[in-house]
């Protein structure tokens, strides 16, 4: 199985456990004289089985991520960490640029005697830096996706 397939299975398992959790909560109690719509204990057993499968998938994915390398020599684990930080950096820079540009201001100067609001940051530079980070993020994400389809889960 390719790493990308395992990642899809992991996502499906997480969704399934969440759905089962909601159904368990809905069926954990019922009114006297009525029957529960579903057997909460059977749902718990199914959730436990899905969680056991999920644990194996997560372990295998993590092992593959530490073993597999991108073309630049980084492991997938290192690339995933770098991608997370690039996303945070992009959000930081775009947020600072938006705040500095006055996009969020709800007031306006109505007379000459009022004080003007000035930007404390170089909005143009922040947006330029954010654009460069976005390019790096896209390129890294593509490399990660390529590796996900090239790497076999078991070494």
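Every number in this text was worked out from the coordinates using simple rules, so none of it is lab data. Owing to the predicted nature of the structure, the values given are computational and were not obtained by experimental measurement. Using ideal geometry, Cβ is built from the backbone for each residue, glycine included, and neighbour counts are taken over all protein chains shown.
Figures for the structure shown
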quantity: Residues 101, 119, 113 arranged by fewest to most Cβ contacts within 10 Å; calculated: 113, 119, 101
quantity: Helix 40-67 axis, angle to the chain major axis (alpha carbon atoms, nearest 10°); calculated: 60 degrees
quantity: Acute angle (nearest 10 degrees) that the helix 123-150 long axis makes with the longest principal axis of the chain, alpha-carbon atoms; calculated: 30 degrees
quantity: Length gained when the stretch residue 85-residue 62 is fully extended (0.36 nm per residue, less Cα-Cα span); calculated: 6.4 nm
quantity: Correct choice for percent of Cα pairs over 26 Å apart that was computed from the model, options (i) 18; (ii) 57; (iii) 28; calculated: (ii)
quantity: Cα long-axis angle, helix 76-101 against the chain (0 to 90 degrees, to the nearest 10); calculated: 40 degrees
quantity: 222 nm mean residue ellipticity, helices alone, for the chain (DSSP H n ≥ 4; -39,500 (n - 2.57); rounded to 500); calculated: -24500 deg cm²/dmol
